[in-house]
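Peer 1: Dropping the structure in here first, questions after.
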Amino acid sequence: MQDMDRNAALSETGPGTPGGEFMRRYWQPVALSSEVTPGSKPKTVRILSEDLVLFRDDAGRPGLLGLHCSHRLTSLGYGRVEDGGIRCPFHGWLYDVHGHCLEQPAEPEGSTFAQRIQHRAYPCQELGGLIFAYLGPADRMPLLPRYETLVREDGTRKVDFYSINSNYLQNLEGAVDTVHFSYLHMDHWSQVKHKLAGLPKPEIDWEETDYGIWQKSNLPNVQYGIMNMVYTYFFFPAGFMRVQGSAAGGNDIKKFQSWYVPIDDEHTLRFQSAFAPLSTHSTPYEWPPDEEFIVPGPQNDYFRDYTRADTICGIPVNAPGTAIKGYLCQDSMVNETQGPIVDRSQEHFGVHDRVLAAMRLMMLKAIVDVQEGRDPKHIIRDPAENAIVYIRGNEALEAV
Amino acid sequence: MQDMDRNAALSETGPGTPGGEFMRRYWQPVALSSEVTPGSKPKTVRILSEDLVLFRDDAGRPGLLGLHCSHRLTSLGYGRVEDGGIRCPFHGWLYDVHGHCLEQPAEPEGSTFAQRIQHRAYPCQELGGLIFAYLGPADRMPLLPRYETLVREDGTRKVDFYSINSNYLQNLEGAVDTVHFSYLHMDHWSQVKHKLAGLPKPEIDWEETDYGIWQKSNLPNVQYGIMNMVYTYFFFPAGFMRVQGSAAGGNDIKKFQSWYVPIDDEHTLRFQSAFAPLSTHSTPYEWPPDEEFIVPGPQNDYFRDYTRADTICGIPVNAPGTAIKGYLCQDSMVNETQGPIVDRSQEHFGVHDRVLAAMRLMMLKAIVDVQEGRDPKHIIRDPAENAIVYIRGNEALEAV
Amino acid sequence: MQDMDRNAALSETGPGTPGGEFMRRYWQPVALSSEVTPGSKPKTVRILSEDLVLFRDDAGRPGLLGLHCSHRLTSLGYGRVEDGGIRCPFHGWLYDVHGHCLEQPAEPEGSTFAQRIQHRAYPCQELGGLIFAYLGPADRMPLLPRYETLVREDGTRKVDFYSINSNYLQNLEGAVDTVHFSYLHMDHWSQVKHKLAGLPKPEIDWEETDYGIWQKSNLPNVQYGIMNMVYTYFFFPAGFMRVQGSAAGGNDIKKFQSWYVPIDDEHTLRFQSAFAPLSTHSTPYEWPPDEEFIVPGPQNDYFRDYTRADTICGIPVNAPGTAIKGYLCQDSMVNETQGPIVDRSQEHFGVHDRVLAAMRLMMLKAIVDVQEGRDPKHIIRDPAENAIVYIRGNEALEAV
């Protein structure tokens, strides 16, 4: 551990890297279920720096295979989904979701060559509208956690994903760091900033849990002249959950669970499952319809309008394409402008950053666990424990 | 040979590389004759990872020089063709096609400096509408082969070129591999694929020749319910020839000869000389006029239309801009999506891939020949042998 | 010195490089004063391969800070200028122009953390409409030279800047090399080139001075059938000055002083201060208004029009967007097409290139001076000497 480059260990997740082996011990969301329908066009995806093709066979089973055909390496992303698998366009080799080669049309009659091909294939499972895959060693495969936001039926749900052009961890850290809410996301900044001094300072309670970190934040909100209380959670390996709403009153609660999935070391997919419990809405909450998502970035200056938007950064709180995504553009800006992979040796941690230090240490410990043959944190193998998995603490307000 | 990285040796053709030295023992096409006319704008070209400028002097001679002026390295591609050579825009140095410096306008009267400058220059020859250049050592320069498609007068000819964004060899291999024809290029796939099982399997005969490889393929064609017989040829160092038409009847024969010329290790120019012999056409075949060529690639998804084009890949058999180029978009897709330089260690060869294995071994042997001071295969030095060079075998049907 | 890679030493100016340490001993222009007004949007700049943010605080002081906040490395370029400094958008940390951290809104009452933060900050000074910064060691900071073109009040002035996509030095060399004027910049080339032989050859006098190099060039001008005499100057570390006009008559004199400031090793900003003395104009010279500057480059072929523009390169002498910038597109072309960093080992110097050889040797000597603890050339520490700094020689015509 002393000899480990900690920043590299936390940031790099390609095959064979310590962080990559760690991330490969968990089920990772790779697409929305709705993105591939039986027989529809396959989807080329890149996950943990591996090039893959995702498809749904004509029996409805999702498959995740190595992108390049085992024969001559042509992209199966340009293949056709049919006949119980996906067919390579070059010579018609057909693979099923297990990576078995079902056909090699040009090989001689009686050839057993196909049976000797085992194409790279990763198990997939679906839950709550997401397709999860497991890219790790078969003999260490855990259960796919049946998270509350994925399996509860007493409410309405919406799943979505967003692409991010920087390392997964700094974006996850930006979520776990709740303090920024009072500054980055504060609207009417010029009018309210002076009131901040009159409010109490942020108070962050947190503790390590079996899933990761439980965190309760009391944040000054100068627009309402009060402290806001918010529960947030980090869950292994790279997830974040936030409960939004008037927690005190128990009304209009929404739970947002996010998985930060590395595309590669400098690109990330954030999958989100949002759940609105019936009990806190007078009528079932209707999630707004999908709208085009414009990825914020340097190419559009993160929708900044310095003179007209009265926030510190000049990015409005609801930039174009983010009506239901809240502060997404502001968040992407603060996280991405740290660099494609932030150099953590240059940081200066304040008092509230202790939770980030703790999170990193927990992740590093989990990386060592994997290296030394142990299960890392939050691996679920007991079906009883997996009936429903809650990411929450023990306070009364959290039991919604 | 044992210590050689075979994939690198075959793929890399920059100056000083084993594969580069091999490729430099042959004349390579670098442009169409029609691209540079006397005194016209010079053309910047990159061949075998060398930056060069091609021009035609006012006497009509093609010249191929190092791109950067010997004086202060400004691009001669921005020079002017005049006064018996090409003039550098910076200080007016003038070079002829031999790389001799004819003028240095600012040097003092009586200076002999110009005579001491020998700018990099490669010999050029023209044949059949193509400009060929020789980039190798002067004392090993062979004859420019007078190929049938370039010199025959008993028919009509068309020359053309196409740019490809991947390594030359995998594109050449895609041509030599005739088996893919029955799968990649099969139209109405969903309707005809089940008939394939009822047809015989492909049969490939091939043998090594003095020019490279002779190959006769019998391929199942489910659209016509028969086997198609086709002659194809690999010729050194990186060429391919195909005879198209109803060979049995001897009617409407077209011969397509292609040279795969590395721009650099990840980009290729394919030059093509197409010839239609008079004897197989009732009237001289009229080649279709030039039309704009849109390079297929990820930027236009290789013109794929998954739901409407009934091929395995969903790329139509005649995508936009390829009316006379047949299956070009499909070919580029299968060859390029292997990666910029395919990693051949990941392949799994089927029975029909033996011809590719043989071709690679022949090329590796030729690379070693060059390293050890011998002429590689298909070097022609005898003018008698060069009166006309046929790339063909000894079967009666080939004598068209 | 023998072991030094001379081309690298001259070309590379990042932190810690020999050339970078040398360049950091001088004040460098980093922006026009008009680009940042009190409280206006900060400007992200890159200077000598360092990412920085430039702003002007509400008291009017320019500040140049490290781009990434000391806390969690978010870009201060997305911060807000207010309250005596610039505020990070993430958690509201506020920095003044000295890099002192004035506020950390979320830290607890009584925290002394802010006082222990010293953010990277470089001193700035303004003169003549330019903001200069000093990026070197504090104990070696010299005076900001009060150059004639920046401080004279007996005339009119205009400051401007141009971005260049290649190494600073080859662009500076293109300026110091006056000989190219008779070739690169010659209009109606086809009609006048034959007269060149009838004119005398260029004559270049030059000598080393305390600021760098004084140079007097007599250049053949075939359009007027005479020799043109022009004074030009190289001043340390990477500046160029040119006096334009009918020097003999002393009328309509304009002085152009340029600083070539590396953005990084392959990109450059050229700042220019142009001054027209009253004494040589019947009425105060009115500089043309600003117009859009389109950076010339491969993307627009440097505005080349080979068949219609009668210059060697086919770039017209006044390409779009360069009405007041003269030969800018032609200059950028000849300098940039040498490559992002020219490989000087491939050059062949003519007789007039001795001035470039001398300039490089002077720069290399200055680099060694810095390495060995001495002040390099043209460091001014005596205020008396700095009342006004002239870059000129001792000839009568220069005293304008």
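The values are calculated or read from the model by the stated rules, or taken from the named source; none is laboratory data. Because the structure is predicted, anything quoted here is derived from the model rather than measured. Virtual Cβ from ideal backbone geometry, glycine too; neighbours counted across all protein chains shown. For the accessible areas, the whole protein counts, side chains as well, though only heavy atoms, and no ligand, DNA or RNA atoms are used. Shrake-Rupley method; radii C 1.70, N 1.55, O 1.52, S 1.80 Å.
Peer 1: Select from C:Ile379, C:Phe235, C:Tyr78 the residue farthest towards the positive end of the dipole of the protein assembly as shown; place +1 on Cβ of Lys and Arg, -1 on Cβ of Asp and Glu, and compute about the Cα centre.
Peer 2: With unit charges placed on the Cβ atoms, the residue in question is C:Tyr78.
Peer 1: Right, next: Note down the accessible area of B:Ser282, probe 1.4 Å, to the nearest 10 Å².
Peer 2: Its accessible surface works out to 120 Å², give or take rounding.
Peer 1: Among C:Gly212, C:Pro277, A:Ser345, pick out the residue whose Cα is farthest towards the positive end of the charge dipole of the protein assembly as shown, where Lys and Arg carry +1 and Asp and Glu carry -1 on C-beta, about the Cα centre.
Peer 2: Farthest along the dipole direction, towards plus: C:Pro277.
Peer 1: Then there is this: On the full set of protein chains, 1.4 Å probe, figure out the accessible area of B:Val53 and give it in Å² to the nearest 10.
Peer 2: Approximately 0 Å² of B:Val53 is accessible to the 1.4 Å probe.
Peer 1: Where nothing but the Cβ of Lys and Arg (+1) and of Asp and Glu (-1) is charged, how large is the charge dipole of chain B around its Cα centre, in debye to the nearest 20? Mind showing how you got there, number by number?
Peer 2: Details: 37 positive and 52 negative charges, 58 e Å.
Its charge dipole is roughly 280 debye.
Peer 1: Something else now. How large is the Rg to Rh ratio of region C:269-358 when both quantities use alpha carbon positions and Rh follows Kirkwood? Don't jump to the answer; show the numbers that get you there.
Peer 2: Working: Rg = 16.8 Å, Rh = 16.0 Å.
Here Rg/Rh amounts to 1.05.
Peer 1: Right, another one. For chain C, which cysteines have no disulfide-compatible partner, meaning no other cysteine Cβ under 4.7 Å?
Peer 2: That list is C:Cys101, C:Cys124, C:Cys313, C:Cys329.
Peer 1: Please compute the Kirkwood hydrodynamic radius of chain B from all pairs of different C-alpha atoms, in Å with one decimal. Let's see the in-between values first.
Peer 2: On the way: mean 1/r = 0.0440 Å⁻¹.
One over the average 1/r among Cα pairs gives 22.7 Å for chain B.
Peer 1: Please report which chain B residue places its beta carbon nearest the axis carrying chain B onto chain A, with the distance rounded to a whole angstrom.
Peer 2: B:Gln299, 10
Peer 1: A follow-up question, please. Mean-square fluctuation check for chain A, GNM, Cα pairs under 10 Å: which of A:His352, A:His194, A:His267 is largest?
Peer 2: Largest GNM mean-square fluctuation: A:His194.
Peer 1: Ignoring ligands, DNA and RNA, how do A:Leu127, C:Leu184 rank by accessible area with a 1.4 Å probe, largest first? Can you show the working numbers first?
Peer 2: Working: A:Leu127 25, C:Leu184 0 Å².
Highest to lowest solvent-accessible surface, that is A:Leu127, C:Leu184.
Peer 1: Normalised radius of gyration for region B:298-400, please: alpha carbon Rg relative to 2.2 N^0.38 Å, two decimal places.
Peer 2: In units of the globular-protein estimate, region B:298-400 measures up at 1.54.
Peer 1: Using +1 on the beta carbon of Lys and Arg, -1 on that of Asp and Glu, and nothing else charged, what's the dipole of region C:194-233 about the Cα centre, debye to 20?
Peer 2: On the way: 3 positive and 5 negative charges, 78 e Å.
Here region C:194-233 has a charge dipole of around 380 debye.
Peer 1: For A:Lys377, list the lysines whose Cα falls under 20 Å from its own Cα; do not include residues on the same chain fewer than 8 positions away.
Peer 2: Cross-link targets: A:Lys365.
Peer 1: Let me ask something else about it. Students sometimes get this wrong: rank B:Met229, B:Met362, A:Met359 by accessible area, probe 1.4 Å, all chains present, largest first. The partial results should precede the final answer.
Peer 2: Working: B:Met229 60, B:Met362 20, A:Met359 0 Å².
Highest to lowest solvent-accessible surface, that is B:Met229, B:Met362, A:Met359.
Peer 1: Over the residues of the protein assembly as shown, compute the C-alpha Rg and express it relative to 2.2 N^0.38 Å.
Peer 2: On the way: Rg = 35.3 Å, N = 1200, 2.2 N^0.38 = 32.5 Å.
Its radius of gyration relative to the 2.2 N^0.38 Å reference: 1.08.
Peer 1: For region B:57-128, what is the convex hull volume of its Cα atoms per residue in Å³?
Peer 2: On the way: hull volume 6.1 nm³, N = 72.
Considering the Cα atoms of region B:57-128, their hull volume per residue is 85 Å³.
Peer 1: Please list, or write none, the aspartates and glutamates whose alpha carbon is within less than 14 Å of the alpha carbon of C:Lys195, excluding same-chain residues fewer than 8 places away.
Peer 2: C:Asp187
Peer 1: For peptide B:76-82, what's the mean number of Cβ atoms from other chains within 10 Å of each residue's Cβ?
Peer 2: Mean partner shielding for this stretch: 5.
Peer 1: Further question: About its Cα centre, how strong a charge dipole does region A:183-330 have in debye, to the nearest 20, once Lys and Arg get +1 and Asp and Glu get -1 at the Cβ?
Peer 2: Numbers: 11 positive and 17 negative charges, 110 e Å.
Computed charge dipole of region A:183-330: roughly 520 debye.
Peer 1: At a threshold of 8 angstrom on Cα-Cα distance, excluding pairs fewer than six apart, so keeping six or more, what relative contact order does chain A reach in percent? Provide the component values of the computation, followed by the final result.
Peer 2: Numbers: 827 pairs, mean separation 72.6, N = 400.
Relative contact order of chain A: 18 percent.
Peer 1: Find the sum over both chains of the accessible area lost when A and C are paired, probe 1.4 Å, and report it in Å² to the nearest 100. Intermediate results must be reported in sequence, preceding the final value.
Peer 2: On the way: alone 18220 and 18260 Å², together 33580 Å².
Counting protein atoms only, the buried area is about 2900 Å².
Peer 1: Also, quick follow-up: Using a 1.4 Å probe on the protein heavy atoms, what percent of the accessible area of chain A belongs to carbon and sulfur?
Peer 2: The computed percentage sits at 50.
Peer 1: Let me ask you something else. Taking a threshold of 24 Å on the Cα-Cα distance, which of the pairs B:Lys158/B:Lys325; B:Lys201/B:Lys254; A:Lys43/A:Lys254 fall above it? Please list the in-between numbers first.
Peer 2: Working: B:Lys158/B:Lys325 12 Å; B:Lys201/B:Lys254 26 Å; A:Lys43/A:Lys254 31 Å.
Those over the limit are B:Lys201/B:Lys254; A:Lys43/A:Lys254.
Peer 1: How do B:Asp310, C:Asp210, B:Asp353 rank by accessible surface area computed with a 1.4 Å probe, from largest to smallest?
Peer 2: On the way: B:Asp310 40, C:Asp210 115, B:Asp353 5 Å².
The ranking, largest first, comes out as C:Asp210, B:Asp310, B:Asp353.
Peer 1: Return the average number of partner chain Cβ atoms within 10 angstrom of each residue Cβ along peptide C:64-71. If you can, show how the numbers build up before the last one.
Peer 2: On the way: counts 0, 0, 1, 2, 7, 6, 3, 6.
Per-residue shielding by partner chains comes out at 3.
Peer 1: Once the convex hull of the C-alpha atoms of region A:202-281 is built, how many Å³ does it hold per residue, rounded to a whole number?
Peer 2: With only Cα atoms used, region A:202-281 gives 129 Å³ per residue.
Peer 1: Any idea what the relative contact order of region A:82-169 is, in percent, if you count C-alpha pairs under 8 Å spaced at least 6 apart? Provide the component values of the computation, followed by the final result.
Peer 2: Details: 84 pairs, mean separation 13.7, N = 88.
Across region A:82-169, relative contact order equals 16 percent.
Peer 1: Residues of region C:187-215 with accessible area at least 40 Å² lower in the all-protein-chain context than alone (1.4 Å probe)?
Peer 2: Buried on complex formation: C:Trp189, C:Lys193, C:Lys201.
Peer 1: Hey, another quick one. I'd like the accessible area for B:Lys255, computed on protein heavy atoms only with a 1.4 Å probe and all protein chains in place. Round to 10 Å², please.
Peer 2: 10
Peer 1: Test of understanding: express the Cα radius of gyration of region A:1-53 as a ratio to 2.2 N^0.38 Å, with N the residue count. If you can, show how the numbers build up before the last one.
Peer 2: Details: Rg = 14.8 Å, N = 53, 2.2 N^0.38 = 9.9 Å.
Computed over Cα atoms of region A:1-53, the ratio equals 1.49.
Peer 1: Next up: List, shortest first and in nm to one decimal, how far the label point of A:His100 (7 Å from Cα along Cα→Cβ) is from its counterparts in the other copies.
Peer 2: Its label point is 7.5, 7.5 nm from the equivalent points in the other copies.
Peer 1: Which whole-number percent is the relative contact order of region C:114-244 (Cα, under 8 Å, 6+ apart)? Before the final figure, lay out the partial values.
Peer 2: On the way: 139 pairs, mean separation 19.7, N = 131.
RCO, region C:114-244: 15 percent.
Peer 1: Of C:Ala358, C:Tyr302, C:Gly314, which is farthest towards the positive pole of region C:291-364's charge dipole, taken about the Cα centre with +1 and -1 on the beta-carbons of Lys, Arg and Asp, Glu respectively?
Peer 2: C:Ala358
Peer 1: Report, for B:Glu153, each distance to the same residue's label point in the other copies, shortest first and in nm; define the point 7 Å along Cα→Cβ.
Peer 2: Copy-to-copy label distances for B:Glu153: 8.7, 8.8 nm.
Peer 1: Enumerate the lysines that B:Lys41 could reach by cross-link, defined here as Cα to Cα under 23 Å, with residues fewer than 8 away along the same chain left out.
Peer 2: C:Lys193
Peer 1: Given label points at 7 Å from Cα along Cα→Cβ, what nm distances, shortest first, separate C:Ile294 from the same residue in every other copy?
Peer 2: Here the equivalent label points are 2.5, 2.6 nm apart from this one.
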